[in-house]
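To keep things clear, I will list the structure first and then write my remarks on it.
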Ligand code: SF4
């Protein structure tokens, strides 16, 4: 059984029952924290437990790991990880340091079904959902590394659409936040979504104060449809009312694409959507080179667009691109590695 796929209380209860059949059940208080609170890479490392118990735990509840395929460290401190999964799938996480804050951007799916035109993951297509443990393990692997440690913040902005994989993400949120799990405060965990309406409602109904970021990226139905096919199914006139169920601050993510969504009239339209909801707007530069045919808006223009929003009473933050010297945008590292593999295979074939 994979305890890491269970909620922390369910895992502790499973351990309690299993230990009670073998002797002192109270030992689960010593064993359960080694899953997430003081994690071990394998039971063998839990040297405060008797050797026979460690061997029995290893047999009954092996602790699966993600395999680090490669990592890249940017000059600005951004660190990207490419993780291998047991079936050969690969997903990315990105660690972004900002002062004392260490934000880990995690993946919820391998590939993505939603096909946003500005996104490298979207161009891969959908491969599969991640299991709960594979989502949480991206954080657990860092917690196991004495040099990195547990991140302070987690954002679901890596590969995949988290609300398309709701059941696994729902449980992963519990493990990330629960005091018996990784214990990361709900306000430090952000779910970023294109707006899968039925599951948006389920997220809003959770009592914890998880943050929500809506990948808006265009202020009108027609403009959004041109860059985000999801607009066909979950259009803005369905998504925006669903946001009213969130009794907490919402952020609109808005990637600035030259000539597509970055006119000052677009800023006016965006302000009209954000103001009634009290939403913050994050203006993001398009990651250069990530999308053929799309050009990033200039830094000066981002500032001007942000100032227009502010003048209309909407708080706007201009984000800078992180990890420009590595493949740090969502999906780029995996694409780059696969491209290198294809080139190498092609060269091998030519040599033969
Ligand atoms: S931006 Fe998000 S939802 Fe859109 S294709 Fe990329 S991963 Fe999928």
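The values are calculated or read from the model by the stated rules, or taken from the named source; none is laboratory data. Just so it is clear, the model here is predicted, and its values are computed rather than measured. Here the Cβ positions follow ideal geometry from the backbone for every residue, glycine too, while neighbour counts run over all protein chains shown.
Some notes on this structure:
- Scan the range 91-123 for residues that are within 11 Å of the ligand (Cβ to nearest atom) and either assigned to a loop (DSSP other than H, G, I, E, B) or in contact with a helix residue (DSSP H, G or I) (Cβ under 7 Å, 6 or more places away or on another chain) (or both) and the total you get is 14.
- Residue 267 vs. criteria at pLDDT 95 or above, touching a helix residue (DSSP H, G or I) at 6+ places or on another chain (Cβ under 6 Å) and either in the same structural domain as residue 218 (by TED's automatic domain parsing) or surrounded by fewer than 21 Cβ atoms within 10 Å (Cβ to Cβ) (or both): yes
- Of the residues making up the range 56-76, none is within 16 Å of the ligand (Cβ to nearest atom) and assigned to a strand (DSSP E or B).
- Count of residues meeting criterion [modelled with pLDDT of 95 or more and surrounded by fewer than 19 Cβ atoms within 10 Å (Cβ to Cβ)] in the range 19-33: 1
- Flag if residue 152 is more than 16 Å from the ligand (Cβ to nearest atom) and within 13 Å of the chain's Cα centre (by Cα): no
- Residues in the range 96-105 that are surrounded by fewer than 21 Cβ atoms within 10 Å (Cβ to Cβ) and in contact (Cβ under 8 Å) with a residue 40 or more places away in the chain: 100, 101, 102, 103.
- Residue list for the range 298-321, filter: buried (at least 21 other Cβ atoms within 10 Å of the Cβ) and not in a helix (DSSP H, G or I): 314, 316
- Scanning the range 150-165 for residues that are over 11 Å from residue 104 (Cα atoms) and surrounded by fewer than 20 Cβ atoms within 10 Å (Cβ to Cβ) returns a single hit, 164.
- On the stretch given as the range 229-245, residues that are modelled with pLDDT under 95 and either within 16 Å of the ligand (Cβ to nearest atom) or under 20 Å from the mean Cα position of the chain (by Cα) (or both) total 0.
- Here 226, 213, 168 are screened, and the one residue that is within 16 Å of the ligand (Cβ to nearest atom) and farther than 29 Å from residue 137 by Cβ is 226.
- The range 213-246, residues that are free of Cβ contacts under 8 Å to residues at least 24 places away in the same chain and more than 22 Å from residue 295 (Cα to Cα): 232, 233, 235, 237, 241
- Some residue of the range 182-199 being more than 29 Å from residue 244 (Cβ to Cβ), more than 16 Å from the ligand (Cβ to nearest atom) and not assigned by TED's automatic domain parsing to the domain that holds residue 36: yes
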